[in-house]
Amino acid sequence: MRVSRRKALVYLGVAGAPVAVRPVFAQGERVKVADLTSLAPLKPVNFTYPDENSPAVLLDMGRPTYMGVGPRKSIVAYSVLCQHMGCPTSFDPERRLLVCPCHMSLFDPSRGGLCLEGPAISRLPRILLQVAEGSVYAVGVAYGLIYGRASNA
């Protein structure tokens, strides 16, 4: 007896099964990263979050950006550890990309840290930001685990 692929999936209970995709999210301690007045477009601000072993970068992309905060919705932050092997990326202002020097993965901070090319297959974890009293604060991590960690807490 021949069973079609569709019937096989139905028998296995996977056809039409709802799939819930939830980002890995960790609410963390509120940490001041920078004053709004000290930020300049395309000038990275390096910091660590959620602990001193987790390098991150804050960027004012200079124009409204996906999930951006601040007066122009242009400020974003990401873990700088490449999702391929954990090498620290650096910001290339001419290309407006975070570049991994080890294996040349490219990440777009204006598109949610999306990996554009290279061996990395996951986006960079986003540092959640809050703007209050003229300052930018890191408040959590979302959309993936920081490289080498079992949790973002």
Handout entry: Failed item, numbered, when residue 116 is tested on (1) in contact with a Phe, Trp or Tyr (Cβ under 6 Å, 6 or more places away or on another chain); (2) over 23 Å from residue 34 (Cβ atoms); (3) not in a loop (DSSP other than H, G, I, E, B)
Key = (1)
Fill in the blank from the handout: Across (1) assigned to a loop (DSSP other than H, G, I, E, B); (2) within 12 Å of the chain's Cα centre (by Cα); (3) more than 15 Å from residue 138 (Cβ to Cβ); (4) without any contact (Cβ under 8 Å) to a residue 60 or more places away in the chain, residue 65 clears everything bar (2)
Completion exercise
Within region 68-92, of all residues that are assigned to a loop (DSSP other than H, G, I, E, B) and polar (S, T, N, Q), the one surrounded by the most Cβ atoms within 10 Å (Cβ to Cβ) is 89
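Just to be sure I understand, how many residues within region 116-131 are polar (S, T, N, Q) and either closer than 24 Å to residue 83 by Cα or more than 16 Å from the chain's Cα centre (by Cα) (or both)? Show your work before the answer.
Step one: of region 116-131, the residues polar (S, T, N, Q) are 122, 130.
Checking the rest, the ones that are also either closer than 24 Å to residue 83 by Cα or more than 16 Å from the chain's Cα centre (by Cα) (or both) come to 122.
Here the count works out to 1.
Can you tell me which residue within region 47-62, out of those that are among the small types (Gly, Ala, Ser) and part of a loop (DSSP other than H, G, I, E, B), is surrounded by the most Cβ atoms within 10 Å (Cβ to Cβ)? Spell out how you get there, then give the answer.
Within region 47-62, the subset among the small types (Gly, Ala, Ser) is 54, 56, 62.
Restricting the remaining residues to those that are part of a loop (DSSP other than H, G, I, E, B) gives 54, 62.
Numbers: 54: 20, 62: 17.
Taking the candidates together, the pick is 54.
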Exercise for the section: Kindly indicate whether any position in region 96-107 is surrounded by 18 or more Cβ atoms within 10 Å (Cβ to Cβ), closer than 23 Å to residue 30 by Cα and either in contact (Cβ under 8 Å) with a residue 12 or more places away in the chain or over 13 Å from the mean Cα position of the chain (by Cα) (or both). Expected result: no
Handout entry: Residue within region 132-149 that is under 15 Å from the mean Cα position of the chain (by Cα), over 21 Å from residue 38 (Cα atoms), at pLDDT 95 or above and surrounded by fewer than 16 Cβ atoms within 10 Å (Cβ to Cβ) present
Key = no
Exercise for the section: Taking only region 15-46 into account, find how many residues are within 18 Å of the chain's Cα centre (by Cα), of a type in the set (A, V, I, L, M, F, W, C) and either at pLDDT 95 or above or not in a loop (DSSP other than H, G, I, E, B) (or both). Expected result: 6
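The values are calculated or read from the model by the stated rules, or taken from the named source; none is laboratory data. Everything quoted here is computed from the prediction, not taken from an experiment. We place every Cβ from the backbone using ideal geometry, glycine too, and count neighbours over all the protein chains shown.
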